Every structure is written in C-alpha cells, then in structure tokens.
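We did not get these values from a lab; they are worked out from the coordinates using the rules stated. Please read all numbers here as calculations on a predicted model, not as lab measurements. Don't worry about glycine lacking a Cβ; one is built from the backbone with ideal geometry, like all the others, and counts go over all protein chains shown.
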Amino acid sequence: MKRSNKPIFWSLFGAGGMLSALVGPALIYKTGFSSQALGYERALLLAQNGFGKLAILAVIGLFLFHGCHRLYHSLHDFGIHVGPGLKAAFHGFAAAGTLAAAVLLAHIS
Amino acid sequence: MKTYIRPMSGWWKRNPFYLWYMLREASCVFITAYALMLLWGLYRLQQSRIQYEEWRESLSSPLSFAFHAFALVLVVYHSWTWFKIMPKTLPRMPLPDGLVVVGGVAAVVACTTALMVLI
Amino acid sequence: MNTITIECLRYHPESDAEPRFQSWPVPFTDDMSVLQGLQYIKDHLDGSLTFRWSCRMAICGSCGAMVNGVPRLTCETFLRDLYPGPVRIEPLNHFPIVRDLAIDQADFLGKLQSVKPYIIPDAEPQGTYLQTPEQMERYYQYSKCINCLLCYAACPQYGLNDRFTGPAALALLHRYNADSRDAGKAERMEVVNTEDGVWGCTLVGYCSEVCPKGVDPARAVNQNKIESTKDYFFRFFRK
Amino acid sequence: MQVVQTDIVVVGGGGAGLRAAIAAAERDSKLRVALVSKVVPMRSHTVAAEGGAAGVTREADSLEQHFLDTVSGGDWLCDQDVVEYFVAHCTEELVRLEHWGCPWSRLPNGHVNTRFFGGMSVQRTWFAADRSGFHILHTLFQTSLKYPSIKRYDEFFCAELLVDDGRVRGIVAIEIATGNLFVFEAKAVVLATGGAGRVYRQNTNAGTVTGDGMGLAFRAGAPLRDMEFMQWHPTCLPGTGILMTEACRGEGAILVNKDGYRYLQDYGLGPVDPWPRAKAMELGPRDRLSQAFCHEQRKGRTLDTPQGPAVHLDLRHLGAKKIHERLPLITEAAKTFAGVDAVKEPIPVCPAVHYTMGGIFTNVRCETPIAGLYAAGECASVGIHGANRLGSNSLVEIVVFGKVAGDAAAGYALSGSFQKGPPNVAEEGLTSLLSNDKGERLAVLRDEMRDTMEENVGIYRDEPGLRAACAKLATLRERYRRGVRLDDRSRAFNTEWLTALELGFALEVAEAMAHGALARRESRGAHMRLDFEARNDDAFLKHTLARHAGHAAPRIEHQPVTITRSRPRERHYGGEGKKATLT
C-alpha cells in the first residue's frame, strides 16, 4: 500500500493552524484596526532581530501552509477533485511564499 | 446487483453541522490572504521607510477594513474550533477533554493579551 | 391516538430509474419508535416497503436511516419527538441504495476486513492475558462500535471519495492497536498511512456526533494522524 | 439457479455459526467453508445477550458445582454426559475468546472478573459489562475475518435443506438482494440458526429469531426435542419485551411488587436474610421467578402500566457508579425505551419469552440423525439445558458446541464425498408465494399465531388451552397453505416474501411446542401444567421428540434422559445459607 506524504504537509498545516489560532485574532486586530501599531522603526527592529525574523517567517510561512492545505481540501469538498499536479501547486505556492519571506528577511539587516 | 447512488452536489447545505464546517474551512482563504498581505508588507519594509508607510496607509482603506473585519470573525471562529476539536487531535492525555479545551482558550486569551500589549 | 405522516424514499431496482418519495399517515402511541412506524406501514399499508431491522434495542446496528436528514437508529428514535411531522425517512447517505431504505454494506465490510480487526498476538499466554482496567480503558470505547454505519452517513469525505477507509473501520483499527494484547500495529499502520487511510479525513467531526453508542471515531482517526506522522518521520531512525 | 460447491455450509452467522466456521477453518485450511446467514453476522441475535457466560475459574468453584447447578436448574431433564462435557470445556472457550480480543470486564489486578447469576451457586459468570453477547459476537465475527477459507454469504436466506437417503447434501438459499436462488452443494451442513422466540408476541428476541433452522431440519426429517420448554425471562420491559439482564440481580438488584414487598420470599426462594445469597431470592432460577410473577399478578399485587402488569426491578441501592460501570446498556435501554432513570427510579418489568430450551435433537458431537447434518447453539437440543436453562449457560454453549459442530462437520467433510446426481430442489414451493393472487395478509396469520402461543402455551398451561392451541395452529397452517397474499411480488430484497417463508417454519415449530406441551402431563422446569402440578419422574423423566408428519400434526415420542451422577431429587432454592459478597 502506498504511503501518503501527508504527514509533512499535515504537520505544517497543524503548526499553522495552531499559530493562527493563538496569534491570528490579535494580529488581525492590530493590522486592521489599530493604526498606531507597526510603526516603521519597531517593524524594522523586529525584522532585524533574530527571534523577530523567526517569528515573522513562522507567521507568514505557517499561515500559508495552513491556508493552502485547507484550500486544497475545500476544493475537494466542493466536488472539484484536483489531481496530484495541482495539489503540488498548492503546497508549492506556500513553499514559495515562505521562501520569499526568508529571502526578504535575510536582506533586512 | 443494480443500485442507485445519490449525487453529492450541495451536500454542505443539507445539515447545519456541515455549514459550520464549511465556515471553519473558509477561514483558510482569509488566513492565506492575510499571510500574503504580511508578505507584501515585509517586501515594502525591506524596500524603504516610504514604501513601508505606503503599505501601512493602504491598511486604513475601506477595502482593507472590510477584509480585516471578515478575517477577524473567521479567525476567531477558527481559534474556537481549533481548540474545541483539540482533544480529538492530541495524543492521549490524562486530562479530561473539557480541560484541554479550556486550556486552549486560555492560551488564546494569553497570547492575545500579550500581543495587544507588545505590538 | 395521534397520527403522523411518514414519508419514505422508495427505490426499486427492477422498476425505478431513480428514487421517489411516498407517504402514509401512521397512527402512533407515545412509546412508538420510527421503526415501529415503518413496521406498521409494512404490516398494514404496504408490505413492499423495504427496510432492515432486527434487535429493536439499539445493539444490532441494522436499522439506521436518515430521519429528517440526520442519521439515526430508527428503533431508538421516537415518533412522539417528531410530532407533528411529517417525518422524512431516507436510506443512510453516501451508500448505494439496494432498495428503499436498504443500502449496500459490502464496501464497509471489505474495509473492516482490510484493517485486520482481530488480535495479532506476539505469543499466546498461558491462561488469560493480564489486562488492567486502565489498559482496557485505552481501547474499550472503540470496541463498542455496533457497525451501524451512521458515521459513514455522517461523513462527507466518504461520500465524496468512497475509497476512504472511513470512521468505523478506522476506529476499530485503533481499537486493536490500542489493545495491550495486540502486536499487529505495524501491519495496520500500512492502512493508516495511505492517502485513503486516516489522510482521507478532514475532521468534519460529525461522525462522533451521530454515533449512537458514544464511540468517538473522529478521535481514533485523528490520533492516528499523529501515529502516522510519527511513523513517517521516525521510520528513518528504526533499523 | 446458481450452484456453489463447498465442503461445509454453516447456516447462521451468530455466535455458534461463527465459532463452527472458525473451528472448521482451523481444522483444515483446505476445507472450503461457506457461512450463509440471513443477516450480516454481527446483526445476529447473539448481539443482544447481556449478562455473561459461565466458566469455572474461582478457587471456591468446581466443575462438579457447575454440573450440579446446571442439572438441578434443568430439573434433571439434562443429558448428564453432555453436561459433563460442557462444563469441562466452558472455561477454555472463554479463555480462547479472551485471546481473540473479547473485552471481558477485569479486576483491578488484571484478571477476568466474574459475577453472580441466577441458579448458580458461585460467582462464575464472565461478563463484558452488560454487553457480553455483543462483545462475544463481534470478537468472533472479527476473528473470522482472519481465515481466508471462510467465505461469507451475507444476507442469504436458507430456505431448504437438501437431504437424500438420510444424508445431507446441501442447502437452497435465496440471495436477498436479488431474490436469486442458490444451491450450495456441500458434504456437511451445520445449522446454527438460533431460537424461535418470535412465535410468541411478547419476547426479548430479535426479529430474526423465527425458528427457521429448526423448521428446516424438522421438515427434512430430523426430530425436534423438548420444544415445550420455553424460557420466560422474568425481567423485561412490558410491551416491547426488551431485556433487563439477569446481571442486574447478579449485581444485587431486588424485585418488589406494588407494595414494595420482596414477594419472592413467598414462593420458596426466601428467607430474605441473609442477603445476598447464591441461589436464593432474586438469584433464583428464571422459571421460578417468572412463575412467581404470575402468582403475584393473580393476587392483584402487580403494578398496572399502560403496557400491562409489572413489578419493580430496583437497582437504586447499587449506587450510580456501579450501575454505570456494570450495567451501562440496560441503564441506557431503560432510559430510552421506558423513560426510567435506573439510578433514581425502579424499572417496571415483567416476564417475556426469552429462550428456546428445545431444538434440533443432537448428540454430544452435535450430530443430528441426518448424516452430515450438525446443529449447535439455541437451534439445537444437545441436552444441557433440560427443562430450564440457567442464565449464562447459553453464551458459553454457543462457543463450546459451535466448536464441536465445526470440528465434527470438518471431520465428516474430510472423509466424505459429494453426492452424485442433481439435487431435487422444490423451487416451486419457494417462489409460488410470489404469484398468489388470493389469500390472507401475512401479518394477520402471524399475529394470530403469536396470540395463540401467548395465551395458551404460556407460563402456565392446561389441557383445554393446549388443545385449543393445537387446533388453532393446525388451522393456521391450513390457512397458510391455502395462500398468503403478498403486496410485494418482486424479487429484489423482498423481505415480505422472506417473512412469509419464516412464518411457514414458525407455524410448524409452534405446533411442535404445543403438542409437546400437551403430551407432557406433568410440571417440570419452565413447563408448568395447572392440571398436573407435580413433577412426575416415573412417567416423564424423558425427552419429548416431535417428528414432522407432513401436513398433519407432529408425532410426539419420548426418549430416555441420560443420567450419570445426579439422581433426580427435589429442586431446592432459597433456604438458610451463607451470605455472599458481591464484588
């Protein structure tokens, strides 16, 4: 019987789900409804700091993996059965977004 | 043996339980979009202060406001469902299910408070 | 005595291209179940109405049907609670209809067999195994599954993809994996690990809601996602 | 007509049938075993058994004790050589079930726990909460999936036994989903089709328990034995007959009448104290308890419920914890079907038909007089229950004798051969029901049969009543022959057709019961004659054999009982005795 590679993506989905459940409400509130937040200096400071970089990468990357995984399943739920190619595209998209975030963070010093 | 197989189309409309499930799943659209929005902000931050401030400015547009409002509602629902089903997804725990849920909700409250103060 | 209308989905493979509804007025007393309502129709109004039933005390698992859109055991669903009606009875969702309320269970039976639902022993002991109540508690709730298939009727993932092993079979798989007498976990993990094993589940969670015996198949399935993930990553560390 | 050739056919997928199939498969994996059942095996009525299964395991217990309890419980109508074999093999079969995964309830130290049961002098009933039958059946069914040589034919209704020259050669079965006829050609056939409780109106039995296997064998020439002995379970929900297990009383529940009085002390089961005591008061045997209910009813001391007279089964003093831990199923059932919370209120109960002590006559090897035909479980009369079965002897009977039957059938099939020539199949008799334009409604005939049995072949019987029942059943058979008019004339999943075939069997089985009861002019065990109140060992310490006589009433003969160690004496319950501790 063929082993599924879901464990990799499910772990990322789970991590993203957990993170978004914990910090999602506060983050969205801050970016959407609190204009004082995220001033340039503070944002830059955060993005320059090692832990800060990690936090930003985690939020962007894991949110993407979480969201894309569910998006893919939702298509299936709506009766749109995407093949393995498109499935890879969803995860690939999340991976690309994560990579982009990592590159950007590396450039901020 | 001849059998009849009923179609699945529109199944999520057949039972409120399924509608709530679909709502939960719909949160992913917003979480994905939100991550992309942050990614865009990161890009602008890496460019320069001016561009970053432009991005911040765009966050106060009506469109952004509406997006955030929907996203907030759905992500709160996502948080709630995430911890409500948590006892089923965790490895066997010596704790009663209710306590796991309460613990999860408490963690959300703690994280939210911390972030509200820190950011 | 009150009267309630029961509408049933009818389908006859020899004469019908697709199902239709038929309804009957049924007189009922307060202690009458939906099953007894169906039996009344069969005995007195239309002997051709077809449904399965047997123990009429919620343990044999024969009489499941959709009652007003919800999978229920008809023997323990009472007409008084559905008054004034009408009561709409359909065969369990997601299964092929053989006739009227009788669905084809063969797919489930094959899946049950595929999860090796029996003790695969290491070595047989002298006398009985020792198993403390705590060890028993780890699997006992899953052993209460009566195979009534309500959970499959509740599971849209099974409806969308009938290759999915499904809630009850996976719960029984877990029941044996969690049994201290069993040593067959590795064999069963092969089923768990596939795309149509636990990975067919998106945790809708309705299976556990409708289970008439308090089994929590969603829990069994999702704990095995963790097992499968461990199995996936840790296999490299095993020889 | 499709033909399936196989070495062994097992008819019935309950506990006995599954155990037989497994035994045959284990004997030789080359033997092809066809398991033919009218329901998917785990729907079989074994699933509804609640209390437990007897097996000697405690230090204070002995095989001799189990033997004596069983023989005296059966009012000395048991074949004692068979009981000896039986008690000697109970525990090993229960241990085997444990190895196969049965979740027997445990003591804190991990050993299997046992509980008291009516008529048993020691705690020897193994139990899995109060879902013992359910767990046994699912354990057996799931274990059977291990054996590739067992091929299941689920939802195949066995309609005819094929017998030539006194030797079985197979069966005819209807594939329910399509209505197609199948001939199974086999060297050996095991019948494990369960009892016939559904010939009565108020019973604890599933809808499938219609005596088909007994009828099949009876028609094919095998005698039915001791059919007059029908067990009433004393504690069932009025109306539905849903069982409130004897384990309630095994755990310490009491029975009181409408005045709150423990009436069993008035019927030779007392005194009340010390209590609890084995084999006394509520731990007496089922026949005595059901009979006591009738007396209470006659004295006007029962409660009136909308579903009929009842007494109270009171569990409250056991406490919520024990009730939920040991008796979860009946707590749930009492709540759902009677609206009673057993923790807070007593449960109204009354006797209902529960178990068919008699059945297809077999010897200790489960052989019937027809070569190659075996029977096991409730459909058989192997000789262990006598005039009254003790609770928890039947769940273990199905595994002990299921195994014997499977082994024996395998042995026979290994040395035997298929019979030559095409079998003579009475197809017309099966399908003619589908073309009758004239006749009566099925439910009318069925209900008249049930009412007759309930009224005249009940807990207490007498000559006029039994004669009336015999006459009525003869008329019903005649009316059935003249025609049943079905609403459903199609083939696919025609359950009305199958119910009509079942009724054909049930009527003949009911007739054997009534005639057996009429001929037994004594009172013994579950057979109580108002006109012959005493047991009469001189004339009736013998089995009843009913032989099929075509359209005429069955011929009743008698057969000696095998006695080895225990001479009949007075059957004694209650009396002074040691207080027992319930664990």
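Table for the structure above
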quantity: Neighbouring partner chain Cβ atoms per residue of B:105-111, average, 10 Å criterion; calculated: 3
quantity: Residue-count net charge about residue C:25 - beta-carbon cut-off 14 Å; Lys, Arg +1, Asp, Glu -1; calculated: -2
quantity: Fraction of beta bridges assigned by DSSP in the stretch C:2-103 that are antiparallel (%, nearest 5); calculated: 85
quantity: For the stretch C:123-239: rounded, prolate or oblate by the Cα gyration tensor [a/c cutoff 1.5]; calculated: oblate
quantity: Candidate lysines - alpha carbon under 27 Å from residue A:2, same-chain residues fewer than 8 apart omitted; calculated: A:87, B:88, C:111, C:116, C:185, C:225, C:230, C:239, D:146
quantity: Lys/Arg +1, Asp/Glu -1 at C-beta; the protein assembly as shown dipole; positive extreme among C:177, B:83, D:568; calculated: B:83
quantity: Computed [θ] at 222 nm, deg cm²/dmol, chain D (DSSP H ≥ 4; -39,500 (n - 2.57); rounded to nearest 500); calculated: -10500 deg cm²/dmol
quantity: Cα gyration tensor category, rounded, prolate or oblate, for chain B with a/c compared to 1.5; calculated: oblate
quantity: Beta bridge orientation in the protein assembly as shown: antiparallel %, DSSP, nearest 5; calculated: 70
quantity: Sites residue D:441 and residue D:521 - FRET efficiency at Förster radius 45 Å, r taken between beta-carbons, to 0.05; calculated: 0.75
quantity: Ellipticity estimate at 222 nm from DSSP helix runs (n ≥ 4, -39,500 (n - 2.57)) divided over chain C, nearest 500; calculated: -9000 deg cm²/dmol
quantity: Gap separating the Cα centres of the stretch D:339-364 and the stretch D:533-580, nearest whole Å; calculated: 21
quantity: Mean Kyte hydropathy of 0.0 or more with a Cα span along the axis of at least 24 Å, helices from DSSP in chain A; calculated: A:6-33, A:50-77, A:84-107
quantity: Charge sum, other residues only, whose C-beta stays under 15 Å from residue D:33's C-beta, Lys/Arg counted +1 and Asp/Glu -1; calculated: +3
quantity: Proxy reagent accessibility, fewest Cβ within 10 Å first, across D:18, A:105, B:63, A:46; calculated: B:63, A:46, A:105, D:18
quantity: Order by protection proxy (mean Cβ within 10 Å, highest first), peptides D:20-26, D:559-565; calculated: D:20-26, D:559-565
quantity: Gyration tensor (alpha-carbon) shape descriptor, the stretch D:227-322, a/c threshold 1.5; calculated: rounded
quantity: Between 0 and 90°, nearest 10: helix C:167-177 axis offset from chain C longest Cα axis; calculated: 30
quantity: Mean Cβ count within 10 Å, highest first, over the residues of peptides C:212-222, D:108-118, A:70-80, D:463-473; calculated: C:212-222, D:108-118, D:463-473, A:70-80
quantity: Shielding of C:68-79 by partner chains, average beta-carbon count, 10 Å; calculated: 2
quantity: Per-residue ³J(HN,Hα) for the stretch D:225-240, Karplus 6.51 cos²θ - 1.76 cosθ + 1.60, θ = phi - 60°, Hz, x for Gly and Pro; calculated: 10, 6, 5, 6, 8, 10, 8, 9, 7, x, 10, 9, 6, x, x, 7
quantity: Per-residue mean of C-beta atoms belonging to partner chains within 10 Å, peptide D:330-342; calculated: 3
quantity: Cβ-placed point charges (K, R +1; D, E -1), dipole of the protein assembly as shown about Cα centre in debye, nearest 20; calculated: 2080
quantity: Kyte-Doolittle at least -1.0, axis length at least 20 Å by Cα - qualifying DSSP helices, chain D; calculated: D:80-99, D:394-415, D:442-456, D:463-482, D:495-519
quantity: Point-charge dipole on Cβ atoms (K/R +1, D/E -1) for chain D, about Cα centre, debye to 20; calculated: 340
quantity: Straight-distance crosslink candidates among aspartates and glutamates, where the alpha carbon sits under 15 Å from residue D:187 and sequence neighbours closer than 8 are dropped; calculated: D:7, D:28, D:164, D:165, D:367, D:407
quantity: Considering only chain C, percent of DSSP beta bridges that pair antiparallel, nearest 5; calculated: 85
quantity: Mean residue ellipticity (222 nm) of chain B, computed from DSSP H runs ≥ 4 via -39,500 (n - 2.57), nearest 500; calculated: -26000 deg cm²/dmol
quantity: Helical segments meeting 18 Å axial Cα length and Kyte-Doolittle -1.0 threshold in chain B (DSSP H); calculated: B:16-47, B:62-84, B:97-118
quantity: Highest to lowest packing among D:569-581, D:31-43, scored as the average C-beta count within 10 Å; calculated: D:31-43, D:569-581
quantity: Sequence-distant residues sharing a close amide H with residue D:159 (under 5 Å, placed H); calculated: D:172, D:173, D:174
quantity: Positive-pole candidate from D:515, D:449, D:168, dipole of the protein assembly as shown, charges at beta carbon; calculated: D:168
quantity: Furthest towards positive pole of dipole, C:189, D:10, D:133, structure part the protein assembly as shown, Cβ charges; calculated: C:189
quantity: Spatial separation of Cα centroids for the stretch D:427-479 and the stretch B:12-66, in angstrom; calculated: 75
quantity: Under 13 Å, Cβ to Cβ, from residue D:339 - net charge with Lys/Arg +1 and Asp/Glu -1; calculated: -4
quantity: Cβ-based exposure ranking for B:92, D:27, C:56, D:389, in which fewest neighbours within 10 Å come first; calculated: B:92, D:27, C:56, D:389
quantity: Reach of residue D:579 by Cα under 25 Å, taken over lysines that are not fewer than 8 positions away in the same chain; calculated: D:279, D:321, D:322
quantity: Ascending count of other beta-carbon atoms within 10 Å, so fewest first, for D:305, C:74; calculated: D:305, C:74
quantity: Long-range amide H partners of residue C:2 with built H, under 5 Å; calculated: C:28
quantity: Calculated FRET efficiency for the pair residue C:120/residue B:49, C-beta based, R₀ 56 Å, to 0.05; calculated: 0.25
quantity: In degrees, nearest ten, helix C:217-234 long axis to first principal axis of chain C (Cα); calculated: 30
